[in-house]
Amino acid sequence: MTPGTSVPPHFHKRFSESFDLISGSMSVYSSTSPELDALEASAKKLEIGKPVTVEPKVYHQYKVGGEQTVLRRILTPGDANFERLLKILNGLHADGKLAEMSQSAVLMAIVMGLSDAHLIGPGKEMLDGVEAAKKKR
């Protein structure tokens, strides 16, 4: 993962998500409260060989540190839509298109839908606007 990569605060309903750091640096934030301040205060720096699991319906996000990072993510139970998402993202990356789409609200909507990620905070407000505009068409 690229240094500085982050994912907005969200939760999953269908699966738990385990983060297993292989190399690099990354922090995982998790809280049972949807309050962004509580989430920000929950930062836990991952250690190599010590996976951290976030259970379903727990608010979380992650931020990659200042170096290239390799991470194993395990979903329990497995999720076919999440696998589809990885294929899409890997294809966009292989085609050299992922970086130019990094700020795309449409891509974010696809990512959040396929990954069962239910946003909270400013990301949710932005995505709600995209969904509302889509419904007007």
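Couple of notes before you dig in:
- In this rough spin-label picture, where each label sits 7 Å from Cα along the Cβ direction, the residue 50-residue 16 distance is 1.8 nm.
- Given 44/134; 57/97; 63/124; 63/136, the pairs whose alpha carbons are separated by over 29 Å: 44/134; 57/97; 63/136
- Candidates 101, 26, 112, ranked by Gaussian network fluctuation over the chain, Cα under 10 Å, top entry: 101
- Of 57, 97, 44, the one that fluctuates the most in a GNM where the chain has Cα springs shorter than 10 Å: 97
- Quarter of Cα convex hull surface for the chain, i.e. mean projection, nm²: 8.7 nm²
- Cα gyration tensor shape of the range 69-129, rounded if a/c is under 1.5, else prolate or oblate by comparing a/b with b/c: oblate
- If you plug the beta carbon distance of residue 43 and residue 136 into 1/(1 + (r/R0)^6) with R0 = 41 Å, you get a FRET efficiency near 0.60.
We did not get these values from a lab; they are worked out from the coordinates using the rules stated. Given the structure is predicted, the values throughout are model-derived calculations rather than measurements. A quick note on method: Cβ atoms are made from the backbone with ideal geometry, for glycine too, and the neighbour counts reach across all protein chains shown.
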